Amino acid sequence: MARRSPDKLLIGGLAVLYALLYLYAIGDLDIGRAGWSGQALDWQWQRLWASRGPWLFEAVAMLELGVLVLLISPANLVLAGLLTLLLALNLHGALALRANAQCSLSQGAASSAGLWPALVAGGACCAPSLLLVLGIPGLGAFVGLFAWLLPLSLLLLVLSRCWQRRRGAPRVLRLL
């Protein structure tokens, strides 16, 4: 059996951590009492798209997995998976470009190029709460911007990956 490279383990670990943190930040993953159970709502198609905020969707089921409580919202899971995949591809590209030394940017800038869009996506769910805690006056002026953070982060992650491909990053990430 072949050993996994440290880069693949790093990328996989960071991708899983990012997905879990994203789901926790939007409220779909939480810590509850220890138990194993599940509940589901009666099936209705319109519940899949019921919104609780910009780019946040209502759950259709709940799973208790030991101390973790996961709200199953297919749309939120798809968004989390897409962000995680793009983050992993950007990390892979940044590490590959650094290893091949084909990037004209400094190593610090090249390695963080794919991380900034992911941080913007994290701000889509956490920034309103942070602004409330900090008590910044004029919060209403910023509220309209939060709906744009997730689409902007997706766009930036895709553009970052395209830029990496033009610079010579590998096409796909081999997981095995």
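The distance between label points at VAL78 and SER5 comes to 3.3 nm (points 7 Å beyond Cα on the Cα→Cβ vector). Residues whose amide H comes within less than 5 Å of that of ILE72, counting only those at least five positions distant or on another chain, are VAL60, ALA61, MET62, LEU63 (H built at 1.01 Å from N in the peptide plane).
The mean sequence distance of close C-alpha pairs (under 8 Å, at least 6 residues apart), as a share of the length of segment 6-73, puts its relative contact order at 33 percent. For segment 22-83, the square roots of the Cα gyration tensor eigenvalues, ordered a ≥ b ≥ c, give a/c of at least 1.5 with a/b no greater than b/c, which places it in the oblate category. Of the residues VAL158, VAL60, the one with the fewest other Cβ atoms within 10 Å heads the list, and the complete ranking is VAL158, VAL60. So the label point goes 7 Å from the Cα of TRP36 along Cα→C-beta, right? Which residues of segment 61-94 then have their backbone N under 14 Å from it? Residues passing the 14 Å test: 64-68. Can you check what the net charge comes to around ASP28, using other residues whose Cβ is under 11 Å from the Cβ of ASP28 (Lys, Arg +1; Asp, Glu -1)? Residues near ASP28 contribute -1 overall.
None of the figures in this text is laboratory data; all of them are computed from the coordinates on show. None of these values were measured; they are calculated from a predicted model. Methodologically, a virtual Cβ is constructed for each residue, glycine included, from the backbone with ideal geometry; neighbour enumeration extends over all protein chains shown.
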